[in-house]
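First up is the structure itself, then whatever we jot down about it.
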Amino acid sequence: LPARARVVVIGGGIIGMEFAFAFARLGVKVDVLEAMPDILPMIDREAVTRLSRFAKQQKIQIETDVRIARVEACPEGGAEVFYTKTDVARSIRAEVVLSAVGRVPELSGLQLEQAGVGLAVNRGIAVDDRMRTNVKGVYAIGDVTNLVQLAHAASRQAIVAVDDLLGHGGKMEYRFIPSVLYTTPAIAWVGRTEADMAKAGLACKTTRS
């Protein structure tokens, strides 16, 4: 990218924010457009608040509660993103527009329909807690299930599937899969957030340093 280039990142989730910080560290002007009321809804709010301060220091502009209308290529290069915020029409021109609004499995080459393998409402292959599909003897693990798109989660799913094949039992547990956000600084977490605990009516203890 040329000096003083601008990048618009559509999506303030994990992938979007990781790329936003990466581009900012390279000296690129970054704008993040997020449809939700806040970025990174899956992460503890206090951690996100702190990260937002670091983002501001690195000249990352974050706008939430926006609705993307369209993206148009500019004749001179780059593109212009048209969006609305509080019913006000706005636009940003940038050399690069990165869409980071989430991923879904690519299943078109697996011939699932011919095999009779069913899909879940999340657009992934439907599995039970032992990674079994609705077809006897057919298991699915990893991103094709669209449950947790992490390599170490897929590894654990594979262990559960093989254990079931061998008759050892065991079920997949998703509550304690660790995750990390590769921003500057990075954030790591596992288990429930403080907000999750409060919503469930469970007591918890917090420690700050």
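Tabulated data for the structure shown
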read-out: Output for segment 1-18, where each listed residue is at pLDDT below 95 and open to solvent by 50 Å² or more (accessible area, probe 1.4 Å); value: Leu1, Pro2, Ala3, Arg4
read-out: Count - residues of segment 36-73 that are among the acidic types (Asp, Glu) and closer than 22 Å to Lys85 by Cα; value: 4
read-out: Any hit, segment 123-137, residues being open to solvent by 50 Å² or more (accessible area, probe 1.4 Å), farther than 29 Å from Met17 by Cβ, touching a strand residue (DSSP E or B) at 6+ places or on another chain (Cβ under 8 Å) and among the hydrophobic types (A, V, I, L, M, F, W, C); value: no
read-out: Leading residue by the ranking (farthest from Glu18 (Cα to Cα)) among those in segment 171-188 that are touching a strand residue (DSSP E or B) at 6+ places or on another chain (Cβ under 7 Å) and surrounded by 15 or more Cβ atoms within 10 Å (Cβ to Cβ); value: Ser179
read-out: Selected residue (only one of Ile92, Ile62 is hydrophobic (A, V, I, L, M, F, W, C) and open to solvent by less than 30 Å² (accessible area, probe 1.4 Å)); value: Ile92
read-out: Flag if Glu72 is acidic (Asp, Glu), out of contact with any helix residue (DSSP H, G or I) (no Cβ under 7 Å at 6 or more places or on another chain), at pLDDT 95 or above and open to solvent by less than 30 Å² (accessible area, probe 1.4 Å); value: no
read-out: Index of the failed condition, Arg45 passing every other in (1) at pLDDT below 95; (2) surrounded by 19 or more Cβ atoms within 10 Å (Cβ to Cβ); (3) charged (D, E, K, R); value: (2)
read-out: Any chance Phe21 is over 14 Å from Val101 (Cβ atoms), open to solvent by less than 70 Å² (accessible area, probe 1.4 Å), touching a Lys or Arg at 6+ places or on another chain (Cβ under 6 Å) and at pLDDT 95 or above; value: no
read-out: Residue match in segment 157-166 (condition: in a loop (DSSP other than H, G, I, E, B), open to solvent by 30 Å² or more (accessible area, probe 1.4 Å) and at pLDDT 95 or above); value: yes
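The values are calculated or read from the model by the stated rules, or taken from the named source; none is laboratory data. It should be emphasised that the depicted structure is a prediction, and the values quoted were computed from it without experimental measurement. Here the Cβ is made from the backbone with ideal geometry for all residues, glycine too, and neighbour counts use every protein chain on show. We work out accessible area using only protein heavy atoms, side chains counted, and drop any ligands, DNA or RNA first. Shrake-Rupley method; radii C 1.70, N 1.55, O 1.52, S 1.80 Å.
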